[in-house]
Number of protein chains: 4
Amino acid sequence: MSYRTHLKVRFGDIDQAGIVYYPRFLHYFHVALEEFFADALKIDYPQLLKDHRIGFPTVHLETDFSKPLWYGDEIDIEVRVRRLGKTSITWEYLTFTKGEDAPRIHGSNVTVCLNMDSFKKMAIPDWLRDRLLPMVAS
Amino acid sequence: MSYRTHLKVRFGDIDQAGIVYYPRFLHYFHVALEEFFADALKIDYPQLLKDHRIGFPTVHLETDFSKPLWYGDEIDIEVRVRRLGKTSITWEYLTFTKGEDAPRIHGSNVTVCLNMDSFKKMAIPDWLRDRLLPMVAS
Amino acid sequence: MSYRTHLKVRFGDIDQAGIVYYPRFLHYFHVALEEFFADALKIDYPQLLKDHRIGFPTVHLETDFSKPLWYGDEIDIEVRVRRLGKTSITWEYLTFTKGEDAPRIHGSNVTVCLNMDSFKKMAIPDWLRDRLLPMVAS
Amino acid sequence: MSYRTHLKVRFGDIDQAGIVYYPRFLHYFHVALEEFFADALKIDYPQLLKDHRIGFPTVHLETDFSKPLWYGDEIDIEVRVRRLGKTSITWEYLTFTKGEDAPRIHGSNVTVCLNMDSFKKMAIPDWLRDRLLPMVAS
């Protein structure tokens, strides 16, 4: 199962070269992840942090940029669960513009399940794993 | 007494209009404030937050922009303590470029001394007031 | 006539004090302004810049913060045209959270109509003024 | 030859988890790159863009995060030229904190030399290649 969220490139996302400042894409990906938790997993990410004290810091990321984005572009970011480990999750983010089949920007990151009080790695709790399992990309 | 810190306008600070995205100036001002604490007051702002549990959230801000800034511009931000109240401090930030007497951007904000555990207003502690007093602009 | 746009406070909008980093509100206001152009004025702001070569840099801003915002908060930003001058527009931005009548953050800025090629002030074109007029707050 | 630049983690760089928001590291890397051009290559990056109309957009990036950074941390970012191609450069960024031999964050990106008017790939000009050559990591 795949999930897409819609975003608009904003005036302030542009850099001196006139295209989206590439660190902004990592912010876009995080926003897409927050939406994925809310809409696809029916989990409130803020609550996960505050009440369950569970976080998902990034330990590795990779991104390929094949075409730039400009001010006014509207994008769909497809979020995929590429791999579901015991303590880690590998995510993919595919950034599409209207009318194009190939993603312009293709990112992935590995996040580790962390106890936010001890800042130690922990096994992904079963209730969370159960919701993630049907989302794992085949 | 006045204090100045030096900053460079960065590639990613620019917006679609080709000038510094104006919300970035508020970030510049905060960076200047952090430097002011470190260099002029000899107070480590991170420590103030973590160990003393004292913060200074902004309750009011005003900024005048007379000329824009461009990528590559180097600026001096002058930090002034305009008013030292019982619980609040009014700061001024004057942004100068080399060779100009008038500030291009002139900001000010009012911050309130806050207990970071209760999130309640508190009197500025004497040890902090003592360091701020000689800095109050005349 | 008033116009509201909906935004979510994002994970990355939070600062060391655990609340929205105040420069982010100025970014929120700009996003709200972009949405206002698109939805209320039926003007594509990116096109205004690129094709009409018209921009609206900020020359003055003021903001009052009465209560902070936290991660997970959802907000409505009401955009008002406070004053429509020959070359300048004064905007207001009222940030509401659900169930509250008073805005938590109340901003305003003055923007100047600028020819983006000459970077010189210009009169707001009639076609644009005509769309703004019904939106002026009474 | 290696080159290091010094940066401070800022109040506004922190996210809801209390550590540096990971997209900020990509911004740090770009700042380090700008400093590398200025200090190590004696090339003004703003001028390269404006006068020479040469830019270096990122087409690929990878980053490993082994330990987080906190507010108040001071870092050295080591910039290395890993590979100097005909049209592309592979950079490395190693983020060190005081007293540690292993980098906490280790990034790399591939940038392509671009004609900023045509937005087309171009060969790295000889005068620029000559300055980069002695910096290639062995």
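Just wondering, is there one or more residues in region C:63-81 that are more than 18 Å from C:R104 (Cβ to Cβ) and either touching a Leu at 6+ places or on another chain (Cβ under 9 Å) or of a type outside the set (D, E, K, R) (or both)? Scanning region C:63-81 turns up at least one residue that is more than 18 Å from C:R104 (Cβ to Cβ) and either touching a Leu at 6+ places or on another chain (Cβ under 9 Å) or of a type outside the set (D, E, K, R) (or both). Considered as a group, the residues in region A:10-64 that are under 30 Å from C:L48 (Cβ atoms) and aliphatic (A, V, I, L, M) include one that is farthest from the chain's Cα centre (by Cα), and that residue is A:A17. Does B:L41 meet the test of being in contact (Cβ under 8 Å) with a residue 60 or more places away in the chain and either under 30 Å from C:P103 (Cβ atoms) or of a type outside the set (A, V, I, L, M, F, W, C) (or both)? So B:L41 does not fit the description; no.
Among the residues of this structure, D:Y3 counts as one that is in contact with a strand residue (DSSP E or B) (Cβ under 6 Å, 6 or more places away or on another chain) and away from every other protein chain (no Cβ under 11 Å). Can you tell me which of (1) more than 14 Å from chain D (Cβ to nearest Cβ); (2) of a type in the set (S, T, N, Q); (3) closer than 15 Å to C:L61 by Cα is the one B:T58 doesn't meet? With respect to (1) more than 14 Å from chain D (Cβ to nearest Cβ); (2) of a type in the set (S, T, N, Q); (3) closer than 15 Å to C:L61 by Cα, B:T58 is out only on (1).
Okay, residues lined up against (1) modelled with pLDDT under 95; (2) closer than 19 Å to D:S2 by Cα; (3) touching a Gly at 6+ places or on another chain (Cβ under 6 Å):
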| residue | (1), (2), (3) |
| --- | --- |
| D:L48 | no, no, no |
| D:R53 | no, no, no |
| D:T58 | no, no, no |
| D:S66 | no, no, no |
| D:R82 | no, yes, no |
| D:K86 | no, no, no |
| D:K98 | yes, yes, no |
| D:I105 | no, yes, no |
| D:K120 | no, no, no |
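Which pairs turn up if I take residues in region C:117-133 that are surrounded by 10 or more Cβ atoms within 10 Å (Cβ to Cβ) and look for partners that are of a type in the set (K, R) with beta carbon separation below 6 Å, at least 6 apart in sequence or on another chain? Listed pairs, sorted by first residue: C:A123/C:K86.
Scan region A:67-80 and tell me whether some residue there is out of contact with any strand residue (DSSP E or B) (no Cβ under 7 Å at 6 or more places or on another chain) and more than 11 Å from chain C (Cβ to nearest Cβ). Yes, region A:67-80 has at least one match.
Scanning region A:6-47 for residues that are surrounded by 19 or more Cβ atoms within 10 Å (Cβ to Cβ), over 30 Å from D:M116 (Cα atoms), hydrophobic (A, V, I, L, M, F, W, C) and within 13 Å of chain C (Cβ to nearest Cβ) yields a count of 4. Report yes if some residue within region C:86-99 is closer than 27 Å to B:V110 by Cβ and among the charged types (D, E, K, R); otherwise report no. Yes, region C:86-99 contains a residue that is closer than 27 Å to B:V110 by Cβ and among the charged types (D, E, K, R).
Can you tell me which residue in region D:65-89 is surrounded by the fewest Cβ atoms within 10 Å (Cβ to Cβ), limited to those that are more than 13 Å from D:F25 (Cβ to Cβ) and among the aromatic types (F, W, Y)? So, considering only residues that are more than 13 Å from D:F25 (Cβ to Cβ) and among the aromatic types (F, W, Y), the one surrounded by the fewest Cβ atoms within 10 Å (Cβ to Cβ) is D:W70. Total residues in region D:83-117 satisfying the condition of being within 13 Å of chain A (Cβ to nearest Cβ) and over 19 Å from the mean Cα position of the chain (by Cα): the figure is 3.
The values are calculated or read from the model by the stated rules, or taken from the named source; none is laboratory data. Since this is a predicted model, take the numbers as computed values, not measurements. Every residue, glycine among them, receives a Cβ derived from its backbone with ideal geometry; neighbour counts consider all protein chains shown.
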